(Lines give C-alpha, C1' and ligand atoms only; values in the text may rest on other atoms or scores of the structure.)
Protein backbone atom coordinates (compact mmCIF):
# COMPACT_ATOMS: atom_id res chain seq x y z
CA UNK A 1 0.00 0.00 0.00
CA UNK A 2 1.12 3.54 -0.65
CA UNK A 3 2.28 5.02 2.65
CA UNK A 4 2.44 8.78 2.19
CA UNK A 5 1.54 11.60 -0.16
CA UNK A 6 5.04 11.88 -1.63
CA UNK A 7 4.85 8.20 -2.56
CA UNK A 8 1.48 8.78 -4.19
CA UNK A 9 2.88 11.67 -6.23
CA UNK A 10 5.90 9.62 -7.29
CA UNK A 11 3.67 6.70 -8.30
CA UNK A 12 1.39 8.94 -10.38
CA UNK A 13 4.43 10.43 -12.13
CA UNK A 14 5.84 6.97 -12.86
CA UNK A 15 2.51 5.95 -14.41
CA UNK A 16 2.74 9.02 -16.66
CA UNK A 17 -0.41 10.68 -15.41
CA UNK A 18 -0.74 14.26 -16.63
CA UNK A 19 -1.56 17.45 -14.74
CA UNK A 20 -1.13 15.89 -11.30
CA UNK A 21 -2.67 18.00 -8.55
CA UNK A 22 -2.79 17.00 -4.90
CA UNK A 23 -4.88 18.82 -2.34
CA UNK A 24 -4.56 18.65 1.45
CA UNK A 25 -8.02 18.55 3.02
CA UNK A 26 -6.89 17.23 6.41
CA UNK A 27 -8.01 20.39 8.23
CA UNK A 28 -11.30 20.74 6.36
CA UNK A 29 -12.72 17.27 5.79
CA UNK A 30 -13.77 14.48 8.06
CA UNK A 31 -13.68 12.02 5.15
CA UNK A 32 -10.40 12.29 3.23
CA UNK A 33 -7.08 13.89 4.09
CA UNK A 34 -5.90 14.20 0.49
CA UNK A 35 -7.47 14.41 -2.95
CA UNK A 36 -5.36 13.62 -6.00
CA UNK A 37 -6.60 14.70 -9.42
CA UNK A 38 -4.88 13.45 -12.57
CA UNK A 39 -5.57 13.39 -16.28
CA UNK A 40 -5.06 10.78 -18.97
CA UNK A 41 -5.32 11.17 -22.73
CA UNK A 42 -8.50 9.19 -23.35
CA UNK A 43 -10.81 6.54 -21.89
CA UNK A 44 -8.51 3.71 -22.95
CA UNK A 45 -5.43 5.17 -21.26
CA UNK A 46 -7.51 6.09 -18.21
CA UNK A 47 -8.78 2.51 -17.88
CA UNK A 48 -5.26 1.18 -18.44
CA UNK A 49 -4.01 3.35 -15.57
CA UNK A 50 -6.86 2.06 -13.36
CA UNK A 51 -6.02 -1.56 -14.15
CA UNK A 52 -2.35 -0.97 -13.38
CA UNK A 53 -3.20 0.68 -10.06
CA UNK A 54 -5.52 -2.22 -9.20
CA UNK A 55 -2.78 -4.71 -10.01
CA UNK A 56 -0.05 -2.83 -8.14
CA UNK A 57 -2.19 -2.49 -5.00
CA UNK A 58 -3.81 -5.91 -5.37
CA UNK A 59 -7.32 -4.49 -5.44
CA UNK A 60 -10.12 -6.94 -6.14
CA UNK A 61 -12.97 -4.60 -7.07
CA UNK A 62 -13.20 -2.23 -10.00
CA UNK A 63 -13.32 1.43 -8.97
CA UNK A 64 -16.30 3.71 -9.45
CA UNK A 65 -16.48 4.93 -13.05
CA UNK A 66 -14.29 2.20 -14.54
CA UNK A 67 -16.87 0.96 -17.07
CA UNK A 68 -17.31 4.34 -18.75
CA UNK A 69 -13.68 5.31 -18.21
CA UNK A 70 -13.85 9.09 -18.41
CA UNK A 71 -13.83 9.71 -14.63
CA UNK A 72 -12.51 6.91 -12.42
CA UNK A 73 -12.47 7.29 -8.63
CA UNK A 74 -10.31 5.32 -6.20
CA UNK A 75 -11.23 5.89 -2.56
CA UNK A 76 -8.57 4.70 -0.11
CA UNK A 77 -10.02 6.37 2.96
CA UNK A 78 -7.23 8.82 3.77
CA UNK A 79 -6.88 9.79 0.12
CA UNK A 80 -8.91 9.71 -3.07
CA UNK A 81 -7.61 9.59 -6.62
CA UNK A 82 -9.79 11.11 -9.35
CA UNK A 83 -8.49 10.05 -12.75
CA UNK A 84 -10.05 12.00 -15.59
CA UNK A 85 -10.01 12.28 -19.33
CA UNK A 86 -8.97 15.92 -19.84
CA UNK A 87 -12.23 17.32 -21.22
CA UNK A 88 -14.25 15.72 -18.39
CA UNK A 89 -11.80 17.14 -15.84
CA UNK A 90 -12.33 20.59 -17.32
CA UNK A 91 -16.11 20.14 -17.31
CA UNK A 92 -16.36 19.28 -13.60
CA UNK A 93 -13.39 21.43 -12.52
CA UNK A 94 -12.76 19.87 -9.10
CA UNK A 95 -9.44 21.74 -9.10
CA UNK A 96 -11.35 25.00 -8.62
CA UNK A 97 -13.20 23.51 -5.64
CA UNK A 98 -9.95 22.58 -3.87
CA UNK A 99 -7.61 25.30 -5.21
CA UNK A 100 -6.83 26.85 -1.80
CA UNK A 101 -5.47 23.54 -0.53
CA UNK A 102 -3.07 22.61 -3.33
CA UNK A 103 0.24 21.04 -2.31
CA UNK A 104 3.42 21.97 -4.13
CA UNK A 105 5.26 18.71 -4.67
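Some notes on this structure:
- Unmet requirement for residue 69, which otherwise passes all of (1) in contact (Cβ under 8 Å) with a residue 12 or more places away in the chain; (2) over 25 Å from residue 101 (Cα atoms); (3) surrounded by fewer than 15 Cβ atoms within 10 Å (Cβ to Cβ): (3)
- Filtering the range 64-93 to residues that are part of a loop (DSSP other than H, G, I, E, B) and under 11 Å from the mean Cα position of the chain (by Cα) leaves only 76.
- In the range 85-105, the residues that are farther than 20 Å from residue 43 by Cβ form Cβ pairs under 6 Å with partners that are part of a helix (DSSP H, G or I), at six or more places apart or across chains, as follows: 105/9.
- The single residue among 69, 65 that is modelled with pLDDT of 95 or more, in contact with a helix residue (DSSP H, G or I) (Cβ under 7 Å, 6 or more places away or on another chain) and on the phi > 0 side of the Ramachandran plot turns out to be 69.
- Within the range 72-92, being at pLDDT below 95 and surrounded by 17 or more Cβ atoms within 10 Å (Cβ to Cβ) holds for 79, 80.
- Selection status of residue 48, in a helix (DSSP H, G or I) and either loosely packed, with under 15 Cβ neighbours inside 10 Å or modelled with pLDDT of 95 or more (or both): yes
The values are calculated or read from the model by the stated rules, or taken from the named source; none is laboratory data. Owing to the predicted nature of the structure, the values given are computational and were not obtained by experimental measurement. Glycine also receives a Cβ, built like all others from the backbone with ideal geometry; neighbour counts cover every protein chain displayed.
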